[in-house]
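Here's the structure we're looking at; comments come further down.
Every read-out reported here was derived from the displayed coordinates using simple, explicitly stated rules and does not represent laboratory data. Here the structure is a predicted model, which is why all the values come from computation and not from measurement.
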Amino acid sequence: MNSTLTLKPRPSNAALIAWQFTGQPLYEWPSWVQSSCSLQRSDDGQLELRHERQSGAQIVYLGEWLVHDLDGGICFYTDAEIRKEFEIA
């Protein structure tokens, strides 16, 4: 299954890239994810990606999406949120 999507923000026509964390090994992550996230286990043993931001760490769990936006920032969304917020190109 390909877990990388091209997105169109609503209502703009600019393209974004989204990647879903499904437990892939590091070498399968896109370079922008490799350079901005680290893999770890939570206290209860759940896999999670940690994305450090100025406002603090974001934790991305299995099945959630990372979106690389136009200004180089990265945000995360659940599956339901990403389909509500973006058009899948």
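Tabulated values for the structure
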| item | result |
| --- | --- |
| For the stretch 58-70, Karplus couplings with θ = phi - 60° (6.51, -1.76, 1.60), whole Hz, Gly/Pro x | 9, 10, 10, 9, 3, x, 8, 10, 9, 10, 8, 8, 5 |
| Long-range HN-HN contacts of residue 64 with modeled amide H, under 5 Å | 21 |
| Residues whose placed amide H lies under 5 Å from that of residue 17, excluding near-sequence neighbours | 7, 68 |
| Residue-by-residue Karplus 3J(HN,Hα) for the stretch 72-78, coefficients 6.51, -1.76, 1.60, Hz, glycine and proline x | x, x, 10, 10, 10, 9, 6 |
